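Readers should treat all values here as calculations from the given coordinates under stated rules, not as data from a laboratory. Bear in mind the structure is a predicted one, so any value in this text is a computation, not a measurement. Cβ placement follows ideal geometry from the backbone for every residue including glycine, while neighbour counts extend to all protein chains displayed.
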Amino acid sequence: MANNKKNRNYVTEKNDVATAQKKKSKRNQKIKEVVKQVLFIILAIALVTVLVTGVIHIFKACTRVDEREFLNPNVHTFEVTDTVELKLAGYDEPLIIDLYGKDAPKTVENFKKLIQEGFFTNNPKFFTIDSTNAGLKFSHSDTKNAEDGHDHSNDSLLKGEFYDNDVSNRISHVTGVITMTNSGFASSKTDFMILTSDKHSADKAETDEDLYDGSRAAFGKVRNMSVVEKMLKDFDGTTDKENAVITLNGGANIKKPTTKNIADKYVDCVFTPKYSGTYIFTGSANYVAIAFDGAEAETLGTVEKKLEKDTEYKIRLTIKDTAKAEDSFTLTIKDRIIKTDSTTSITITPQNKTDEKIFNYVYQAPVTGSYVFTYEKIKDVIVKDKDGNQVNGTSAKAEENKVTYDFVANEKYSFEIPAVGAEFANTTSSVTAKISIDLKYFNLGNTTDIKFTEAEIGDKTIVYLFQTGVAGQYNFAGTVTDKGLDITDLDGNKLNIKLPKDNDSDPDVYSKSAILEANKTYKLIITTEGLSKDSKYTLKIAEPVLVGDVNTITIADANLKFLNAEGKEEAGKLSFIFVAKNNGKHVVSIDVKDVENIKIYNEAGSELGNNSAMLEKGKTYRFVIDTANNTNFKKDATCKITVDEPVLKVNTSKTVNAEKADKELAYEFTATSTAGFDFTVTGVTTGKTAEEKKAIQEKIDKAVTLYVNGVKVDYYKYASLKKGDVCKLVIDAEKLDGMELTVKAAKSSPKIESIKIVK
């Protein structure tokens, strides 16, 4: 019985295990089903996501504007939502800018907000303008942004409304369009550019693509690009006129055409002759034609043109199709000049005679006096002065080909020489005519070699002429001075005073000097008795003028025994003349030990100061150095005199020492174009802490004042100037305790005077 019970228990346990296993198997099956369902759901969600994303991308691809579909606002009409007037200092006409708010809404809204906040105009140095290859770039100052609390962190930047940022902005970047400067996801919040070219990279010359289209947020267009073009000329440092001004100087004009000139295939310029005559225009290989005042263009190799004085000629130069901005571009203008020192030849061809051509030449008289012109194979010459009045000459019957004219120093005279007449009536080949001039004169500063003819020696005296520059003491040296040299004015009044000469063997030692007036012609009467016609003699006339910067002089007897204004000898003086080219404080120094005082006198003889004085532009002054008790001044010694002129030039520094200038330093600057200019005055701050540097600069700033055309301005560090405006930078030296200073002028940009929304 007990065994049966065991068997029953065993069977029961076995059945229970089987039941448990069946239940477990069912649970596992259910879990598997659940997992399958979960995986299916996940896959379904993923598939739906992929499908939705694909649809979105397909939709964007279908609706996205292609670069090739960008529209030129010069052809296509965009809706103008707002109009802005931007007024720049120095320019009478404001820029009129139309804004396209429907195409770039966020960019336009931000631009309007900045205008309303006064962002562009609340500080003279707040906004700067730069000229780039693409156009005019207007950019903010980070320092001023920080001072005025403007946020320019990356988080505050706008999303660029352009193709690469999936924005449908169809405004093409052509000339006149206004666009934000930055590319990438974030577009600059304040910096913008006005485009001055349809192409903005070197690559586009080959691909004809525009890399700005699709990568920058264009948002409007300028209506009146003439103002922008004028600004570009100012940035290039050319001119305020409509066309570039070219000059007659024997050198090259128009060296740097703009990229717009290259694109347009021409350069416009103006030329105003100062006297009537024939002018020769020679252009470099990159110019192919020249046209005057809209007339038919002439092929430009060498072109001759008869022009009238004081008449402005508008000239258009055609640029070769293959020319590039980096190529050489030059135009040279020369006039037909009759030479003083050599024979001038004129070639007359049969073609000239057939056309009854008139050869127009010009002669400039070096001094006042009588000029004998010898004409070879030339007849019927007409001579006119600068006002067009005929100048009548005289000639002896025996020498009709020699005509004497009375000319005035530095005046230009025109010669009209006919190519036809009795001389050429039966001539079928080319004729070479010649003009030579007989006038004996000296150029100042050069040693002139002289050979006397037998007739001149027989006459016992010979007369030469020379023209003075400024008033002062003129010194004469050379081998002819030993034999007798007199100096007279044109009326025959003797002016020369002979000084002793210690070294007869040295021809460079000055043996005579005279106090002469400015801009006058004087006669040198040389005694020729006892001279040899086969020998060479010398004469040098030295003008006692300092010209600024460093002047090297040689101390001679004439220096050690100085003639005062009354013509009396006065021992122990050095005297020099100086003509001030600018208003302001001038500082004079000499590199001779123990020289304490260099006295400065005006033309009336009044003493203005020692070593420094305020001088007036265009006036003549005398610098006198006392050498009486200074053994460092020795005969034939060389020393240097330096005149520190108060002139500032663009992008150059001038170091000054306030101790030299008594109470005040004054520096003058003249604007060469309409633009903005930065002025800086800084001190030596080597080894100073940041706080010390700041304190030094604050001290300097309080001691500096800027005047524009005589009117004081509040902010000395910046001025918007028109061409010809004169600035004076005045430094109160007493406040700076002899501090070493650096003064600098640099071209900047015109201030944005106002910018407002007018629509």
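So the values come out like this:
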item	result
From phi via Karplus (6.51, -1.76, 1.60), per-residue ³J(HN,Hα) for segment 600-605 in Hz, x at Gly/Pro	10, 10, 8, 5, 7, x
Modelled FRET efficiency - R0 25 Å, THR432 with VAL372, Cβ distances, 0.05 increments	0.75
Cut-off 14 Å between beta-carbons: net charge of the residues surrounding ILE577, Lys and Arg +1, Asp and Glu -1	+2
Nonlocal amide H pairs with GLU411, under 5 Å, H built at 1.01 Å	ALA365
Linear extension gain, GLU109 paired with LYS693, 0.36 nm per residue minus alpha-carbon span	206.1 nm
Loop-located trypsin sites (Lys or Arg not before Pro) in segment 580-629, at most 16 other Cβ atoms within 10 Å (DSSP)	LYS581, LYS593, LYS617, LYS619
Segment ASN632-GLU734, extension gain: residue separation times 0.36 nm, minus the distance between their alpha carbons	33.4 nm
Counted charge near ASN651, where neighbours are those whose Cβ lies closer than 13 Å (Asp, Glu -1; Lys, Arg +1)	+3
For GLU304, net neighbour charge (Lys/Arg +1, Asp/Glu -1) across residues whose Cβ lies under 11 Å away	+3
Amide proton proximity set for TYR266, modelled H, under 5 Å, gap of 5+	ILE319
Extension reserve of the VAL50-LYS159 stretch, reckoned as 0.36 nm per residue once the Cα distance is removed	36.5 nm
Relative exposure of HIS76, HIS140, judged by other C-beta atoms within 10 Å (fewest first)	HIS76, HIS140
Inter-label distance, nm, simple model (7 Å from Cα along the C-beta direction), ASN410/LYS649	2.4
Fewest-first sequence of GLU616, GLU645 by Cβ atoms within 10 Å of each Cβ	GLU616, GLU645
Efficiency of FRET from Cβ geometry, GLU304 and LYS520, R₀ 56 Å, rounded to 0.05	0.90
From phi via Karplus (6.51, -1.76, 1.60), per-residue ³J(HN,Hα) for segment 280-294 in Hz, x at Gly/Pro	10, 9, 10, x, 6, 4, 7, 9, 10, 7, 9, 10, 10, 6, x
FRET efficiency estimate (nearest 0.05) - Cβ-Cβ, ASP166 to THR272, R0 56 angstrom	0.45
Highest average packing first - 675-681, 356-362, 28-34, Cβ atoms within 10 Å	675-681, 356-362, 28-34
More than 16 angstrom apart: percent of Cα pairs within segment 344-438	56
